[in-house]
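For reference, the structure is listed below as structure tokens.
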Amino acid sequence: MPRIKLILNPASDRGRTAKIGETLQALLHEQAEIEHQRGVHYELNWELTERAGQAVDIAQQAALDGFDIITAVGGDGTVHEIVNGLMRIDEKKRPRLGVLPAGSGNDFAHNIQLPDKVEDCVQCLFSNTSRVIDVGLYKDDKGRQEYWDNTVGLGFSGAVNMAARKITWIYGFPVYLLAVLETIITTHKRIGVEVTLDGQPIPSRKVTMIALCNGPREGGGFPVAPHALLDDGYLTYMFMRDTNRAEMLYFLPVVMASNHLGYKRFFEDGNTRRITVKADHTLAIHADGEVLGTWEMDVREVEVSIVPSAIRVMCNA
């Protein structure tokens with residue numbers, strides 16, 4: 001009997017996820033009944049989180065309790081926490097990851113090609129269709145270590161993520177767009193960095209942003225690394241070189257249209273298994289939209305690597 005653990009984060013999407021919980025439960029139980037009539041008996045078990053970080057522990061315990069699929073009902077942050085819980089489990093015993101995208105950005109769900117509407121994703125949990133994806137590992141000079149599934153942003157995108165958390169009167173992609181504009185105007189910084197790729201140093205440079213990507217899209221709809229693949233055993237890096245505010249505004253629609261990599265003077269991308277970055281200023285940092293580095297933390301050195309074929313995720317049949 002397949003066992004599905006559903007971890008709902010009622011705080012996702014500014015609390016809007018809590019409002020669809022009952023609807024999703026009804027849809028899931030209806031689909032489980034259909035599967036029962038076909039001879040497959042599913043166990044559904046729901047649990048709500050009450051604080052940030054709790055989904056990590058719930059996912060780990062659910063795996064130890066023998067659940068076959070651990071499902072994130074929420075946004076990219078909820079997926080991020082559950083991935084960290086699953087990565088505590090031995091690879092041979094690690095359950096599959098399910099996603100019912102009900103957050104503000106839902107970039108990971110988009111990158112694994114789930115339907116846009118959360119209601120249309122329900123059948124994916126029962127389809128028995130899955131794919132293996134890579135997972136990233138983040139470490140910094142403050143001793144923090146954390147897994148991530150979609151993107152890590154250093155510099156500008158980290159600052160955008162912090163700005164977006166303060167915007168509570170709109171929802172979805174407009175939050176991130178407004179946060180981008182606000183960050184360009186108020187906290188635009190150029191950072192000197194020393195970078196090594198798979199242990200090999202490259203010339204020092206000034207950058208506005210470094211994106212380290214497992215999937216192509218972040219920020220609710222910005223395809224910063226359009227060539228990134230979730231299952232190739234590499235992370236894709238994208239450097240936005242030293243740019244001023246006017247250039248940032250010019251490139252905003254260019255990035256949204258996935259055309260920025262044609263501007264070689266300003267953008268550079270490539271693949272690596274491990275990257276280290278040493279900065280001459282404090283780095284604002286996010287991983288999957290979760291804040292890992294604030295101005296006060298003064299993180300200046302990070303190492304990011306890829307763990308190939310780490311998790312099997314349920315996807316659209």
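The values are calculated or read from the model by the stated rules, or taken from the named source; none is laboratory data. Fair warning: this is a prediction, and the values are worked out from it, not measured in the lab. Cβ sites come from the backbone with ideal geometry, for glycine too, and all protein chains shown count toward neighbours. The protein model used for the area step is the full one, side chains on, heavy atoms only, and it has no ligands, DNA or RNA in it. Shrake-Rupley method; radii C 1.70, N 1.55, O 1.52, S 1.80 Å.
Observations on the model:
- Within-10-Å neighbourhood charge of residue 69 [Cβ basis; K, R +1; D, E -1]: +3
- Point-to-point label distance, residue 30-residue 1, nm (Cα→Cβ direction, 7 Å offset): 2.4 nm
- Per residue, the chain reaches -7500 deg cm²/dmol at 222 nm when only DSSP H runs of four or more residues are counted, each adding -39500 (n - 2.57).
- Rounded tilt (10° steps) of 173-186 against the dominant C-alpha axis of the chain: 20 degrees
- Electrostatic tally near residue 24: other residues with Cβ closer than 11 Å to its Cβ, Lys and Arg +1, Asp and Glu -1, net -2.
- Mean projection area, nm², convex hull over Cα of the range 16-118: 7.0 nm²
- Taking max minus min of the alpha-carbon positions on each principal axis, the range 94-151 gives extents of 42, 27, 14 Å, largest first.
- Backbone amide hydrogens, once placed in the peptide plane, bring residue 104 within less than 5 Å of 13, 76, excluding anything fewer than 5 places away on its chain.
- Annotation for the range 164-199 versus the range 96-154: alpha-carbon center distance of 21 Å.
- Proportion of all alpha-carbon pairs of the range 231-283 beyond 13 Å (%): 69 percent
- Normalised by 2.2 N^0.38 Å, where N is the number of residues, the C-alpha radius of gyration of the range 1-71 stands at 1.19.
- Each residue of the range 206-218 was assigned a 3J(HN,Hα) from its phi angle through the Karplus curve 6.51 cos²θ - 1.76 cosθ + 1.60 (θ = phi - 60°); the sequence is 9, 9, 9, 7, 10, 10, 10, 10, 9, x, x, 10, 9 Hz, with glycine and proline shown as x.
- Taking the C-alpha atoms of the range 76-218, convex hull volume expressed per residue in Å³: 141 Å³
- Sulfur and carbon atoms: percent of accessible area, the range 96-158 [1.4 Å]: 36 percent
- Over all pairs of different C-alpha atoms, the range 214-314 has a mean inverse distance whose reciprocal, the Kirkwood radius, equals 15.2 Å.
- Local electrostatic count, residue 163, Cβ distance below 14 Å [Lys/Arg +1, Asp/Glu -1]: +2
- Seen from all directions on average, the range 135-207 presents a Cα convex hull projection of 6.5 nm².
- Within the range 119-171, the percentage of alpha carbon pairs spaced more than 17 angstrom apart rounds to 65%.
- Size descriptors for the range 153-250 (Cα atoms only): Rg and Dmax, in that order, 14.3, 45 Å.
- For q = 0.22, 0.24, 0.28, 0.29 Å⁻¹, Debye-computed log10 I/I(0) when each Cα of the range 88-127 counts as one equal scatterer: -0.73, -0.80, -0.92, -0.96
- Rg over Rh, two decimals, the chain (C-alpha only, Kirkwood Rh): 0.98
- Radius, Kirkwood style, for the range 54-110 when every pair of distinct Cα atoms is counted (Å): 11.1 Å
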